[in-house]
There are 2 protein chains.
Amino acid sequence: MLKRYLLAPGPTPVPPEVLLSMAMPIIHHRSPDFLPVLDSAKKGLQWLFQTKNDVLILASTGTGGMVGAVNNFFNPGEKVLVINGGKFGERWTKICQAYGLRVEEIVVEWGYSIKPALVESALKKDSEIKAVFVQATETSTGVYHDIKGLGSVIKNYPDTLFIVDAISALVAEDIRTDEWGIDVMVGGSQKGLMLPPGLAFVSVSDKAWKKSEASKMPRFYFNFKKERENLAKNQTNFTSAVTLIIGLNEAIKILQKEGLENVFKRHARLANATREAVKALGLGIYSKESPSNSVTAIEMPEGIDGQLVYKTLREKYGITGAGGQDKAKGKIYRMAHLGYADTFDVITGIAALEMVLKQLGHPIRLGTGVARAQELLME
Amino acid sequence: MLKRYLLAPGPTPVPPEVLLSMAMPIIHHRSPDFLPVLDSAKKGLQWLFQTKNDVLILASTGTGGMVGAVNNFFNPGEKVLVINGGKFGERWTKICQAYGLRVEEIVVEWGYSIKPALVESALKKDSEIKAVFVQATETSTGVYHDIKGLGSVIKNYPDTLFIVDAISALVAEDIRTDEWGIDVMVGGSQKGLMLPPGLAFVSVSDKAWKKSEASKMPRFYFNFKKERENLAKNQTNFTSAVTLIIGLNEAIKILQKEGLENVFKRHARLANATREAVKALGLGIYSKESPSNSVTAIEMPEGIDGQLVYKTLREKYGITGAGGQDKAKGKIYRMAHLGYADTFDVITGIAALEMVLKQLGHPIRLGTGVARAQELLME
C-alpha cells in the first residue's frame, strides 16, 4: 500500500465533504432547485474576492477566464502591457497576441517580482496602454507580485485596466479587489478553493464593464455581458457545471467557518515554515523576492536533478509535488501549501524531501528541516 | 418527503457508481497517474463516436465544443450553410456570425426534419459553401435530423465540411461518424453520457484537420491543434477536468457492458413507448417527422399551458422535465429518455403526466398511457 499525498500547486486535494457533496444526484441548472445554489455561490465568491462587483462563473479551466479577460474588453490593434515573470506571464502575452493586441512586455527575471515604479514609468511614457496584465502569484517561480502597489499606480490611469490572474493566489493571499482597484481578476477552482478543475471565476469592475462596451472581438463561449445578465437571474449563460458549483458552496462554507483572515494567516504560516525548513536544510528559495504563500520553489543542490526528486517522491513515497518548468526544469522542486493544507502536510512534504535528497546522495541530517518547521508551526 | 426524478434532456441523472468514482481523491493531470485515465477515455470516446479520428476532450459545456468547431476551421468572410430547425440550429448561426462567417440558412419548420435534397441543391448552386452545420437531435423540437442522408450528399463536395452537433443525440442514436463522413462532431457530458455538465467532446476528420491549417481565426482556449498534440501524449492542453474524466471512464464502462447496439435499442424502445403512450392519451407529438430517441416533445391539449404542466410536475410530483423554448413555450412539454433511463422512468413520466393533466382539468382516463407503455415495454 502506498498512501498518496497531493502537494502540487493545482489541482490540490479536495476535502471529503466537498467530494461527497458533488456525489449528490444531479439537479437541473434552469430549475428552481439550482437558483439558490448559484445565488449562494455568487455571494460566496464576492466575499472571497473582497468585491462588490459581479464574479462570473465559467465552465472552463482558469485559462478560459484569462481568455475572457482579454476578448471582452479590447479591440485588435490596441496596446497592452504584460508583466512577464514566468510561464504564466508568457501565457498572458500569448493570449493577447492570439486576439490581435499589440503587447509590450516588462520582462521580470524568473524568481523576482515586478517593481510598480517600472509600470508607472511605462504608463507615463505611453498613453496608448489600455491595460496592465499580471499574475498575482506566478506559479512557475513561486513569486507573489505586488498587486497592491501595482493597483495604486494603475488607478491614476483612467483609460487603463488592471487585470490580474489570481488563479494560484486566491485564498492564499489577501487580495483586495475593490480597495486596490483591480478591474478584472481571474480565479480557478482547482487551487486554493479546494475543488476539482473545471470552473473559472472572473470579477469585473464598472470601469471594465464600460470599456467592454466598445469591444468587438469575436466571442461566444466567454461572453461576459451575457454571463452577467444570466448571473443576475442566478443562472449561467450555458449549462452550469452543477456538481462543481455545489462543491464550490461547500468549499466556501469551510473557508467562511475559518474566517478569511485566518485562512490567509494559515497560508502565510505554512509557507513561512516551509521556507524556513528549506533554509535549515541549506537549500535556497528560488523566489528571491516576495515568495508566495501558495507554493514554495526550492532550489536543488548542485548535482541533484529536480525532476528526479519529483519522480522519486512520487514513486517511493506517494507524494505528488511539481518540478520546474521551462528554464527552471531540473533546477527546482515545487511544493504547494495551498487550499486544504495544514501543519502535517508541510511536515510530510519536508520529511519526504529530506529522505529523497539523502537517498540521492546529498548530505542531509534527517530531521533538520522538519524540526525547524515543527518549531515554527508550534507557535 | 418528495422523491426527485430528473427527466430533462440534459443534465440527465448520473449513475451512483459514476458519482462515487468522481468522489475519489484528486490526481494530478500531468502525473503518470492520469495518463492511463485519459488514454482509456480517448479510446472509449472513439468507440462511442464510431470513429478512428481523435476525439478531443475539452473542459467546457457542449457549446464550447460548438465554438471550437467554428473557430478552428474557417476564416472570416467564408460562407457556410446552417440548417436551422430550432433553438440549437439558431445557435450554430449565432456562433458562425460571432466569428465573422457569412451564414446562409435553410430554415426548417419547428417539428420537421431537413430534406437532404435541399442541402444538395444548395451545395450544387453555390460552390462557395465551406461547411454544412446541423444538429443530430434538435433538442428544442425533439427532431432527429437525417445525418446519414446528409452525409451521403456532403461527401461529394471535397471542399465542404460536415459539422454535426450531436450533444443530445450521442448515445441515443446510432451515428456513424466515419462511415457517414462526418468531419466534426460535437458531444457533451451531461446528456446520454450520464455525467455532470463540464466536458465537451469533438471528433475531427483528416479533411477537417487539413482545412484547419489555413484557419486564422483568433483562438486560444479552444485550440484543436494544441489539444490534438496533447491528446497524443494522453494529456489535455490546459488543466484536465480530472474528476469528470474519471467519471467518463466509469460511464463508458457501463455503456460498453451493455454494448453499443443494445444501448441504441434501449433508447429506441423507451422513445417509442413514450410516443405511443402519449398518442394513447390523445395527445400529439410535436416532432411531425423523425422524432428523436433522446427526448419526446409532447403537444399540450387546447387550454393546457405546458409551463404549468412542467411546474406542477416539479412541485407536486418531484419530476423535472422541460417546457418548450421560444415559439414552443407553453405549447409543449418535453420528457427525456436519455442516458441512465429505463422502463420505469418512462412509466413514471407518463403516469405523472396523466395525473397532472387530469388535475389541470383535461379529460384523461388514468392509466391509459401507462398501459400502452407497459404493453410495448414488456415485448
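The values are calculated or read from the model by the stated rules, or taken from the named source; none is laboratory data. These numbers come from a predicted model, not from an experiment. Backbone-built Cβ (ideal geometry, glycine too); neighbour counts: all protein chains shown. Ligands, DNA and RNA are excluded from the accessible area calculation, which covers all protein heavy atoms including side chains. Shrake-Rupley method; radii C 1.70, N 1.55, O 1.52, S 1.80 Å.
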Only one of (1) within 14 Å of chain B (Cβ to nearest Cβ); (2) closer than 23 Å to A:W180 by Cα; (3) open to solvent by 60 Å² or more (accessible area, probe 1.4 Å) does not apply to A:K207, and that is (1)
Can you pull out every residue in segment A:322-331 that is of a type outside the set (D, E, K, R) and either within 19 Å of the chain's Cα centre (by Cα) or assigned to a helix (DSSP H, G or I) (or both)? A:A322, A:G323, A:G324, A:Q325, A:A328
Scanning segment A:335-348 residue by residue, those within 19 Å of A:V370 (Cα to Cα) and either open to solvent by 20 Å² or more (accessible area, probe 1.4 Å) or touching a Phe, Trp or Tyr at 6+ places or on another chain (Cβ under 8 Å) (or both) turn out to be A:D342, A:T343, A:F344, A:D345, A:I347, A:T348
Has segment B:73-81 got any residue that is within 16 Å of the chain's Cα centre (by Cα), surrounded by 24 or more Cβ atoms within 10 Å (Cβ to Cβ) and either of a type in the set (F, W, Y) or more than 10 Å from chain A (Cβ to nearest Cβ) (or both)? no
Of the residues B:S40, B:S60, which single one is facing another protein chain (nearest Cβ under 7 Å), in contact (Cβ under 8 Å) with a residue 40 or more places away in the chain, of a type in the set (S, T, N, Q) and over 30 Å from B:E315 (Cβ atoms)? B:S60
When the residues of segment B:354-378 are filtered to those that are over 20 Å from B:V309 (Cα atoms) and free of Cβ contacts under 8 Å to residues at least 24 places away in the same chain, which remaining residue is surrounded by the fewest Cβ atoms within 10 Å (Cβ to Cβ)? B:M378
Please count how many residues of segment A:132-169 are assigned to a loop (DSSP other than H, G, I, E, B) and charged (D, E, K, R). 3
Here the residues within segment B:293-333 that are open to solvent by 10 Å² or more (accessible area, probe 1.4 Å) and of a type in the set (S, T, N, Q) are B:N293, B:Q307, B:T312, B:Q325
Filter segment A:1-37 down to the residues that are in a helix (DSSP H, G or I) and open to solvent by less than 20 Å² (accessible area, probe 1.4 Å), then identify the one that is nearest to the other protein chains (Cβ to nearest Cβ). A:L19
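To keep it simple, each residue is scored yes or no on (1) of a type in the set (A, V, I, L, M); (2) more than 22 Å from the chain's Cα centre (by Cα).
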| site | (1), (2) |
| --- | --- |
| B:S240 | no, yes |
| B:L270 | yes, no |
| B:K288 | no, no |
| B:P291 | no, no |
| B:R314 | no, yes |
| B:G318 | no, yes |
Say whether the condition of being of a type outside the set (D, E), touching a helix residue (DSSP H, G or I) at 6+ places or on another chain (Cβ under 9 Å) and assigned to a helix (DSSP H, G or I) is met by at least one residue in segment A:279-290. yes
Have a look at B:A214, B:A232, B:A277, B:A241 and point out the one that is aliphatic (A, V, I, L, M) and closer than 30 Å to B:L377 by Cα. B:A277
Quick check on segment B:50-61. Is at least one of its residues over 30 Å from A:K311 (Cα atoms), open to solvent by 10 Å² or more (accessible area, probe 1.4 Å), outside any loop (DSSP other than H, G, I, E, B) and in the same structural domain as B:V119 (by TED's automatic domain parsing)? no
When restricted to B:D174, B:D165, the only residue farther than 30 Å from A:G77 by Cβ, modelled with pLDDT of 95 or more and open to solvent by 20 Å² or more (accessible area, probe 1.4 Å) is B:D174
Mind listing whichever residues of segment B:224-238 are open to solvent by 30 Å² or more (accessible area, probe 1.4 Å) and facing chain A (nearest Cβ under 10 Å)? none
A:I106 - would you say it is without any contact (Cβ under 8 Å) to a residue 40 or more places away in the chain, open to solvent by less than 40 Å² (accessible area, probe 1.4 Å), more than 14 Å from every other protein chain (Cβ to nearest Cβ) and not in a helix (DSSP H, G or I)? yes
Among residues belonging to segment B:337-365 that are assigned to a helix (DSSP H, G or I) and farther than 22 Å from B:M194 by Cβ, point out the one that is nearest to the chain's Cα centre (by Cα). B:L353
Scan segment B:188-195 and give yes if some residue there is within 14 Å of chain A (Cβ to nearest Cβ), assigned to a loop (DSSP other than H, G, I, E, B) and closer than 18 Å to B:I95 by Cβ, otherwise no. no
Being modelled with pLDDT of 95 or more and open to solvent by less than 20 Å² (accessible area, probe 1.4 Å) narrows it down to one residue among A:A273, A:A268, A:A351, A:A280; which is it? A:A273
Kindly establish whether B:V278 is among the β-branched types (V, I, T), touching a Phe, Trp or Tyr at 6+ places or on another chain (Cβ under 8 Å) and over 17 Å from B:A172 (Cα atoms). no
